[in-house]
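The values are calculated or read from the model by the stated rules, or taken from the named source; none is laboratory data. Computed from a predicted model, the values in this text were never measured in an experiment. Neighbour counts are summed over all protein chains in view; Cβ atoms, including those assigned to glycine, are modelled from backbone coordinates with ideal geometry. These accessible areas exclude ligands, DNA and RNA; they are computed on the full protein's heavy atoms, side chains included. Shrake-Rupley method; radii C 1.70, N 1.55, O 1.52, S 1.80 Å.
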Amino acid sequence: MSAIVPTLAAVRYNQGEDVSAVLAAAIARLRRGGVEIGGLLQQPETRGSTKCQMLELVDLRTGQRASITQNRGSESRGCKLDEQGLLSMSHCVEAAISDGVDLVMISRFGRAEAAGQGLLASCADVVCAGIPLLTAVRQPYVERWREFHGGLGVELRCSADAVLNWFESMSSRRTAHHPEGSSAFLE
């Protein structure tokens, strides 16, 4: 009997690693292979410069952007996640689910999701829809990620190749068990 490849994956990264660049590279390669990807990618905001790094979410299908950090002023010690910014983009995940994309990315399983908030409900919606989910996670949120997937997910090293290998392996297993479907990634 062959092993089942999980349809939930998180790229595990360390503070300071540019996981967004890794995810963007994987997205570009998957798209070149014909994979339709929906969801959200976290990127640095393109406007302004402040003491803290301002972040935004970008809808992978439409390019719509929303800020997800609040600048608390020059005397603050850091920035604060803007959960309303996160939630304002949840409709992008719902649209991707409705359109039946091949893969949904939710850029981070972070502090908000670990606390049961943020885009956690969107992650659950993707899982319930039976669409593969890709995210990224770092300490101290790894244990909450594991609790969320309950043994049905996998952690990947921080590389585009690891993402592609997971997707190809998972897609070929899904296609083998559902002959009427096809893997858009496999040639």
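For the reader, a short list of remarks on this structure follows.
- Of the listed requirements (1) among the polar types (S, T, N, Q); (2) assigned to a helix (DSSP H, G or I); (3) at pLDDT 95 or above, Ser171 misses just one: (3).
Matching residues to (1) in contact with a Gly (Cβ under 6 Å, 6 or more places away or on another chain); (2) open to solvent by 70 Å² or more (accessible area, probe 1.4 Å); (3) modelled with pLDDT under 90; (4) not in a helix (DSSP H, G or I):
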{"residue": "Asn14", "(1), (2), (3), (4)": "no, yes, no, yes"}
{"residue": "Ser20", "(1), (2), (3), (4)": "no, no, no, no"}
{"residue": "Ala25", "(1), (2), (3), (4)": "no, no, no, no"}
{"residue": "Ala66", "(1), (2), (3), (4)": "yes, no, no, yes"}
{"residue": "Glu75", "(1), (2), (3), (4)": "no, yes, yes, yes"}
{"residue": "Gln84", "(1), (2), (3), (4)": "no, yes, yes, no"}
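- The set of residues in region 35-62 that are open to solvent by 80 Å² or more (accessible area, probe 1.4 Å) and at pLDDT below 90 comprises Thr46, Arg47, Ser49, Lys51, Gln53.
- Residue that is farthest from the chain's Cα centre (by Cα) [pool: residues in region 95-116 that are exposed (fewer than 15 other Cβ atoms within 10 Å of the Cβ) and charged (D, E, K, R)]: Asp99
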